Amino acid sequence: MDTIQDYIMVALNLLGALGLLIYGMRMMSEALQKMAGPRLRYILKRMTTNRLTGMLTGTMVTCAVQSSSATTVMTVSFVSAGLLSLSQAISVIMGANIGTTLTAWIMSLGYNVDLTNVVFPAFFLGMLLIYRKRYLYVGDFLFGIAFMFLSLVMLSTTGKEMDLGNNPAVVDFFASFDTNSYLTILVFLAIGTLITCIVQSSAAVMAITILLCSTGVLPIYLGIALVMGENIGTTATANLAALGAGIEARRAALAHLLFNVFGVVWVLCVFYPFTDMVCGFVGYNPALAGQTELLPVVLAMFHTCFNVVNTALLIGFIPQMERVVCWLLPKETDLREELHLQYIEGNLMQTPEIAVLQAQKEISRYGERMQQMFTMVKQLADEHNEKRFDRLFSKIGNQEDLSDQTELAIAHYLERVGEGHLSNNTKQTIRRMMREVGELESIGDVCYNLARIMKRQRESSKDLTSRQRQQFNIMMTHCDDALTLMNQMLNGCRKENDIRDSYRMENEINGLRQRLRADNIRAVNNHEYDYALGTVFDDLINACEKLGDYVINVVQARFGK
């Protein structure tokens with residue numbers, strides 16, 4: 001390369017190949033996650049009964065989706081959704097670090113084997129499958145593999161065109177670093193960490209490292225220092241995703257960082273003997289020149305040994321790691337969970353399955369809060385102290401405002417999920433959930449309306465008669481029972497007899513409303529109390545009946561009716 005134009009073209013080829021690598025791996029990862037669907041959720045939830053199975057599950061899932069970041073963010077999401085405990089999440093994250101080493105082996109293969117013969121058949125077959133909706137995700141997966149392999153071919157070709165081994169300026173630059181100095185190792189470790197944090201892809205940085213080492217210009221010790229930095233930098237993805245999430249999610253992300261930092265610290269203590277041992281596994285001698293074709297294999301072997309040994313050292317100390325992250329992030333720092341969304345807050349949305357799961361958890365919590373709001377209304381009906389009445393009424397008003405905000409937040413989240421490529425079942429689920437949040441918000445409106453009717457009655461200085469109060473309490477009890485059954489179904493119970501019970505409760509509320517209205521008209525006509533009090537009582541009963549209607553609407557939406 002003799003001209004500036006040549007350098008520019010090589011740089012563009014290199015950047016294009018790296019962009020294609022990141023895109024291909026992301027496409028392949030997302031396709032596998034979509035194909036796995038609920039099974040992936042089942043695997044992560046059910047196959048983490050102890051620390052060993054959790055570690056194996058993390059390894060298996062990461063090998064499947066080819067992204068430790070995807071597995072880690074999924075794990076953090078599941079912790080946020082309450083599906084995994086912190087200790088289970090730590091074991092899965094350990095396994096994810098082992099599973100991601102497969103990526104390095106695939107890359108080393110790309111520098112030693114001609115993958116051109118695989119790329120174009122994969123593109124052709126993937127294109128055929130994409131046009132058949134039944135195999136759409138399989139086609140996406142094949143396209144992802146083809147893009148990844150094509151990028152590796154492009155990187156290998158670009159590396160040969162760069163011919164860095166015969167470029168005196170580049171050779172002299174890397175030769176100026178003292179590979180026997182710990183300061184140099186720390187500098188390259190920091191560079192690897194910084195670049196990985198910026199590009200948000202350890203695979204891309206690994207590809208650059210393998211490219212530089214395979215040309216012979218980057219000494220193996222410096223290449224391994226970059227790989228160690230990549231292990232720290234890759235934790236940034238999960239930590240950034242967990243910033244706006246709950247305390248448990250942030251603890252899981254922090255555990256990932258501490259795990260990798262600990263590994264780097266102990267490797268630094270035995271850096272040269274450990275690196276020489278790994279080199280010996282593949283028959284490479286760092287003291288001798290040549291054998292550049294073995295360097296990609298050395299890097300992949302180091303990555304594997306580092307993560308396997310680190311996991312073996314720490315898997316027995318998961319309870320201690322859990323205590324450390326709980327100490328670093330105490331529960332008191334998460335005071336806003338009472339006022340904000342708990343499960344879908346932050347940037348944890350990855351695949352539709354996970355997003356829908358988190359939204360379902362948030363809707364369940366929304367339903368429970370509406371029942372708590374109704375409980376406040378029941379307390380308001382029995383409150384005789386003026387100051388406590390006003391304070392409780394104000395609290396119900398604040399809850400109504402919060403209910404409106406919650407509806408908008410969940411609906412906005414579901415809209416974001418709906419912007420992706422979704423299956424028909426997932427689209428239907430999202431439509432059903434949008435209907436649920438709308439009906440739940442209406443329940444909050446009814447609760448606030450009940451409170452306002454009670455306030456109006458109090459300001460008129462007209463108390464309900466003992467008979468009216470007894471009848472109203474019966475109606476409130478029926479509504480509370482209906483809310484209880486609704487929340488049971490929102491929390492996962494969807495048996496046919498449950499919806500029949502809901503219909504029965506709705507019929508009882510409707511029937512009671514009719515009887516109480518007739519009795520109220522009779523009492524007014526008989527001058528047992530005046531028309532104004534009769535109107536207040538009728539408004540209370542009608543509001544309760546309306547609440548029962550919204551409850552049954554939520555139940556019907558959950559059952560897809």
Any helices (runs of 4 or more DSSP H) falling wholly within segment 226-329 and containing at least 2 residues that are over 28 Å from THR184 (Cα atoms), small (Gly, Ala, Ser) and touching a residue at least 60 places away in the same chain (Cβ under 8 Å):
235-241, 247-269
State which residue pairs qualify: first residue within 17 Å of GLN457 (Cβ to Cβ) and inside segment 521-532, second residue open to solvent by less than 50 Å² (accessible area, probe 1.4 Å) and assigned to a helix (DSSP H, G or I) in any location, beta carbons under 8 Å apart, and separation of 6 or more residues or different chains.
ALA523/GLY534; VAL524/GLY534; TYR529/GLN468; TYR529/ALA523; ASP530/VAL524; TYR531/VAL524
Please tell me if LEU490 is among the aliphatic types (A, V, I, L, M) and at pLDDT below 90.
yes
Of the criteria (1) within 29 Å of LEU136 (Cα to Cα); (2) modelled with pLDDT under 65; (3) over 14 Å from the mean Cα position of the chain (by Cα), which one THR48 fails
(1)
Go through THR59, THR71 for me and flag whichever is under 24 Å from MET301 (Cβ atoms), modelled with pLDDT under 75, in a helix (DSSP H, G or I) and β-branched (Val, Ile, Thr).
THR71
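State the number of residues belonging to segment 141-152 that are open to solvent by less than 30 Å² (accessible area, probe 1.4 Å) and out of contact with any Phe, Trp or Tyr (no Cβ under 6 Å at 6 or more places or on another chain). Show your work before the answer.
Start the filter on segment 141-152 by keeping residues that are open to solvent by less than 30 Å² (accessible area, probe 1.4 Å), which leaves 144, 146, 148, 151-152.
Then keep just the ones that are out of contact with any Phe, Trp or Tyr (no Cβ under 6 Å at 6 or more places or on another chain); that gives 144, 148, 151-152.
Of the residues in that region, 4 qualify.
Please verify whether segment 443-451 includes one or more residues that are part of a helix (DSSP H, G or I), closer than 26 Å to ARG388 by Cα, small (Gly, Ala, Ser) and open to solvent by less than 40 Å² (accessible area, probe 1.4 Å).
Yes, segment 443-451 contains a residue that is part of a helix (DSSP H, G or I), closer than 26 Å to ARG388 by Cα, small (Gly, Ala, Ser) and open to solvent by less than 40 Å² (accessible area, probe 1.4 Å).
Of the residues ILE220, ILE210, ILE198, which is buried (at least 16 other Cβ atoms within 10 Å of the Cβ) and within 20 Å of THR100 (Cβ to Cβ)? Outline the logic, then answer.
On the way: ILE220 fails: within 20 Å of THR100 (Cβ to Cβ); ILE198 fails: buried (at least 16 other Cβ atoms within 10 Å of the Cβ).
Criteria check complete, one pass: ILE210.
A quick yes/no check of all residues on (1) open to solvent by less than 20 Å² (accessible area, probe 1.4 Å); (2) among the hydrophobic types (A, V, I, L, M, F, W, C); (3) within 21 Å of PHE374 (Cα to Cα):
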residue	(1), (2), (3)
MET454	yes, yes, yes
ARG458	no, no, yes
ARG467	no, no, no
GLN471	no, no, yes
MET476	yes, yes, yes
ASN491	no, no, yes
TYR529	no, no, no
GLY534	yes, no, no
ALA543	yes, yes, yes
So the check is Cβ under 7 Å with 6+ separation or different chains; which pairs have a first residue in segment 504-519 that's more than 12 Å from ASN542 (Cβ to Cβ) and open to solvent by 30 Å² or more (accessible area, probe 1.4 Å) and a second one that's part of a helix (DSSP H, G or I) and acidic (Asp, Glu)?
MET505/ASP481
Kindly indicate whether any position in segment 402-417 is buried (at least 16 other Cβ atoms within 10 Å of the Cβ), over 28 Å from GLU459 (Cβ atoms) and in contact with a Pro (Cβ under 9 Å, 6 or more places away or on another chain).
yes
ASN497 vs (1) within 23 Å of THR375 (Cβ to Cβ); (2) at pLDDT below 85: all pass except (1)
Scan segment 283-323 residue by residue and report those that are farther than 13 Å from TYR221 by Cβ, over 30 Å from the mean Cα position of the chain (by Cα) and open to solvent by less than 30 Å² (accessible area, probe 1.4 Å).
PRO296
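So which residues in segment 311-329 are hydrophobic (A, V, I, L, M, F, W, C), in contact with a Lys or Arg (Cβ under 9 Å, 6 or more places away or on another chain) and farther than 19 Å from GLU248 by Cα? Can you show your working first?
Narrowing segment 311-329 to residues hydrophobic (A, V, I, L, M, F, W, C): 312-315, 317-318, 321, 324-329.
Subset that is in contact with a Lys or Arg (Cβ under 9 Å, 6 or more places away or on another chain): 315, 318, 325-326, 328-329.
Correct list: ILE315 only.
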Under 7 Å between Cβ atoms, at least 6 apart or on separate chains: pull out the pairs that start in segment 472-499 with a residue that is within 22 Å of ASP519 (Cβ to Cβ) and end on any residue that is open to solvent by 70 Å² or more (accessible area, probe 1.4 Å) and modelled with pLDDT of 85 or more.
HIS478/GLU508
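Filter segment 397-406 for residues that are in contact (Cβ under 8 Å) with a residue 40 or more places away in the chain and out of contact with any Phe, Trp or Tyr (no Cβ under 6 Å at 6 or more places or on another chain); which is farthest from LEU380 (Cα to Cα)? Before the answer, list the steps.
Step one: of segment 397-406, the residues in contact (Cβ under 8 Å) with a residue 40 or more places away in the chain are 397, 399-400, 402-404, 406.
If we keep only those that are out of contact with any Phe, Trp or Tyr (no Cβ under 6 Å at 6 or more places or on another chain) too, we end up with 397, 399, 402-404.
Numbers: GLY397: 12, GLN399: 14, LEU402: 19, SER403: 19, ASP404: 21 Å.
Filtering segment 397-406 for residues that are in contact (Cβ under 8 Å) with a residue 40 or more places away in the chain and out of contact with any Phe, Trp or Tyr (no Cβ under 6 Å at 6 or more places or on another chain), the one farthest from LEU380 (Cα to Cα) comes out as ASP404.
What are the residues in segment 545-561 that are among the polar types (S, T, N, Q) and surrounded by fewer than 20 Cβ atoms within 10 Å (Cβ to Cβ), if any?
If we filter segment 545-561 for residues that are among the polar types (S, T, N, Q), which is where we start, we get 553, 556.
If the condition is that a residue be among the polar types (S, T, N, Q) and surrounded by fewer than 20 Cβ atoms within 10 Å (Cβ to Cβ), then GLN556 is the only one that fits.
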Sole residue being out of contact with any Ser or Thr (no Cβ under 8 Å at 6 or more places or on another chain) and over 30 Å from ARG522 (Cβ atoms), chosen from MET476, MET433, MET454
MET433
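The values are calculated or read from the model by the stated rules, or taken from the named source; none is laboratory data. Nothing here was measured: the structure is a model prediction, and the numbers come from that model. Cβ atoms come from the backbone with ideal geometry, glycine included; neighbour counts cover every protein chain shown. Remember, those area values only see protein heavy atoms, side chains included, never the ligands or the DNA or RNA. Shrake-Rupley method; radii C 1.70, N 1.55, O 1.52, S 1.80 Å.
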